[in-house]
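**Q** Starting off with a structure, shown below.
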Amino acid sequence: MKKICLGAVLCVTSAVLSVQADNMKAFPPAEAGMVRHVLQLQSHDDEASFRVELIVGKTVEIDAANRYSFGGKIECETISGWGFPRYKVSPLGMMVGTLMGVDPNVPKVKRFITLGGEPCLVRYNSRLPIVVYAPEGVEVRYRIWSAGPEVKTIEKG
């Protein structure tokens, strides 16, 4: 019995890996100075209730009192001939922050500083990888968002 279960797991695993490898053919290697980041999501019953937030930034030493962000953007492109989306991160712009005065003797802290602006939420689709091309030295992180089961009615005005 264990051999059959293990065999079934291996067959399913190899089929999933084969599909993932086929999907990666659409995504070319990164250009010079860029890094290709690949996220393969796990399957969910109701994937329309989920979103993936792409979080791009860099870990830097700064003061702990101010809030900082980088200039830059994430652009979505459709790969010609495939119809798959891919995401390209522009080079990070200047880091900006709030202007609270800080004691120069206070030690710096390491923090992950992200791109400014609205969050980049993308469709959750476990059948395709999420592929992000980012400049070298830039980190790409993610967070999964999910909708609760409760749906409310808006009152008529």
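The values are calculated or read from the model by the stated rules, or taken from the named source; none is laboratory data. Predicted model, so just to flag it, every value in this text is computed and none were measured. Neighbour counts run over all protein chains shown; Cβ positions are idealised from the backbone, glycine included.
**Q** So which residues in region 137-157 are acidic (Asp, Glu), exposed (fewer than 10 other Cβ atoms within 10 Å of the Cβ) and modelled with pLDDT of 95 or more, if there are any at all? I'd like the intermediate steps shown before the answer.
**A** Initially, region 137-157 is screened for residues acidic (Asp, Glu), giving 139, 150, 155.
After this cut, where a residue has to be exposed (fewer than 10 other Cβ atoms within 10 Å of the Cβ) as well, the list is 150, 155.
Hit for region 137-157 is Glu155, nothing else.
**Q** Turning to a different aspect of this structure: Any idea which of (1) in a loop (DSSP other than H, G, I, E, B); (2) surrounded by 13 or more Cβ atoms within 10 Å (Cβ to Cβ); (3) touching a Ser or Thr at 6+ places or on another chain (Cβ under 8 Å) is the one Ser69 doesn't satisfy?
**A** (1)
**Q** Answer yes or no: is there a residue in region 107-121 that is surrounded by fewer than 16 Cβ atoms within 10 Å (Cβ to Cβ), of a type in the set (A, V, I, L, M) and outside any strand (DSSP E or B).
**A** No, region 107-121 has no match at all.
**Q** Now a separate question. Just one of (1) touching an Asp or Glu at 6+ places or on another chain (Cβ under 6 Å); (2) among the basic types (Lys, Arg); (3) at pLDDT 95 or above trips up Lys108, so point out which.
**A** With respect to (1) touching an Asp or Glu at 6+ places or on another chain (Cβ under 6 Å); (2) among the basic types (Lys, Arg); (3) at pLDDT 95 or above, Lys108 is out only on (3).
**Q** Now for a separate question. For region 28-45, enumerate the residues that are under 30 Å from Ala147 (Cα atoms) and either at pLDDT below 90 or within 20 Å of the chain's Cα centre (by Cα) (or both). Steps first, answer last, please.
**A** We begin by selecting, within region 28-45, every residue under 30 Å from Ala147 (Cα atoms); these are 36-45.
Selection gives Arg36, His37, Val38, Leu39, Gln40, Leu41, Gln42, Ser43, His44.
**Q** Has region 41-55 got any residue that is surrounded by 13 or more Cβ atoms within 10 Å (Cβ to Cβ) and within 16 Å of Gly137 (Cβ to Cβ)? Lay out the reasoning, then the answer.
**A** First pass over region 41-55, keeping only residues surrounded by 13 or more Cβ atoms within 10 Å (Cβ to Cβ): 41, 44, 47, 49-55.
Retained after the next criterion (residues that are within 16 Å of Gly137 (Cβ to Cβ)): 55.
Checked against the condition, which is being surrounded by 13 or more Cβ atoms within 10 Å (Cβ to Cβ) and within 16 Å of Gly137 (Cβ to Cβ), region 41-55 yields at least one hit.
**Q** Which of (1) surrounded by 13 or more Cβ atoms within 10 Å (Cβ to Cβ); (2) not in a strand (DSSP E or B) is the odd one out, the single condition Ser80 does not satisfy?
**A** (1)
**Q** Collect the residues in region 83-106 that are more than 25 Å from Gly33 (Cβ to Cβ), surrounded by 10 or more Cβ atoms within 10 Å (Cβ to Cβ) and β-branched (Val, Ile, Thr), keeping them in residue-number order. If you could, list the steps in order and put the result at the bottom.
**A** Step one: filter region 83-106 for residues more than 25 Å from Gly33 (Cβ to Cβ), giving 83, 97-106.
Checking the rest, the ones that are also surrounded by 10 or more Cβ atoms within 10 Å (Cβ to Cβ) come to 97, 102, 106.
Scanning region 83-106 gives Val102, Val106.
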